[in-house]
1. Among the residues of the range 29-48, is any open to solvent by less than 100 Å² (accessible area, probe 1.4 Å) and of a type in the set (S, T, Y)?
2. Give the residue that is modelled with the highest pLDDT, with candidates limited to residues of the range 4-39 that are in a helix (DSSP H, G or I) and of a type in the set (G, A, S).
Amino acid sequence: MDTPIARAEHIEFVKRMDEEHKRIHHRLNDLEKGLEQNNKLLVSVERLATNMENMQREQQEQGKRLEELEGRDGAMWRKVVGYAVTAVVGIVLGFVFTQIGM
């Protein structure tokens, strides 16, 4: 290692190192672009997951509201049937009492 290298060898070494530097530089640029795309994809997936959670929550709330509305219709129908039965029973009792003379 104590012997100095020739100028031509040094120039050849520098030339090879420059080529290696350019090759590595291109690889790094490609990796950076890939990493940037991965980051964009990650952000998109996170947004999608958040939107899906919000949609699920909204769907559950809508399901509860739908059950409540369906329950109202059922309760209203039961009231109407109850009133109709009460009216029919009242008419029948009224007819029976008029027939017996009360």
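1. Yes, the range 29-48 contains at least one residue that is open to solvent by less than 100 Å² (accessible area, probe 1.4 Å) and of a type in the set (S, T, Y).
2. At the first step, the residues of the range 4-39 found to be in a helix (DSSP H, G or I) are 7-39.
So of that shortlist, the ones also of a type in the set (G, A, S) come out as 8, 34.
Working: A8: 88, G34: 96.
It comes out as G34.
The values are calculated or read from the model by the stated rules, or taken from the named source; none is laboratory data. Here the structure is a predicted model, which is why all the values come from computation and not from measurement. Only protein heavy atoms, including side chains, enter the accessible area calculation; ligands, DNA and RNA are left aside. Shrake-Rupley method; radii C 1.70, N 1.55, O 1.52, S 1.80 Å.
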